[in-house]
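Written out below as structure tokens is the structure these notes cover.
The values are calculated or read from the model by the stated rules, or taken from the named source; none is laboratory data. Nothing here was measured: the structure is a model prediction, and the numbers come from that model. Positions of Cβ are backbone-derived with ideal geometry, glycine not excepted, and every protein chain shown enters the neighbour counts. What goes into the accessible areas is simple: the full protein's heavy atoms, side chains included, and nothing from ligands, DNA or RNA. Shrake-Rupley method; radii C 1.70, N 1.55, O 1.52, S 1.80 Å.
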Amino acid sequence: MRKKSWSELSDGQKATILTLMSVQVSLAVTAWTDLAFRPAEQVRGSKARWAAIIAVNFIGPALYFVRGRRR
């Protein structure tokens, strides 16, 4: 199946892609901000490693919020 170019997508498809991109960026920025201000003792593992993991689409920020922070 051939990939469609942006101009070939319907308005609904464009809106869905832009919405998902916005959610992804928001999750990542929120996770990176939390990581930056959270003391190292409250993070499970290396802060540098978590910063890299957060960059992985929706999975990275979700993992950080579920597994990376100590309460």
*Check on residue 50, free of Cβ contacts under 8 Å to residues at least 60 places away in the same chain, out of contact with any Cys (no Cβ under 7 Å at 6 or more places or on another chain) and open to solvent by 80 Å² or more (accessible area, probe 1.4 Å)*: no
*Under 8 Å between Cβ atoms, at least 6 apart or on separate chains: pull out the pairs that start in the range 16-38 with a residue that is of a type in the set (D, E, K, R) and end on any residue that is open to solvent by less than 70 Å² (accessible area, probe 1.4 Å) and not in a helix (DSSP H, G or I).*
34/69; 38/69
*Mind counting the residues in the range 1-25 that are surrounded by 10 or more Cβ atoms within 10 Å (Cβ to Cβ) and either more than 23 Å from residue 56 (Cα to Cα) or basic (Lys, Arg) (or both)?*
3
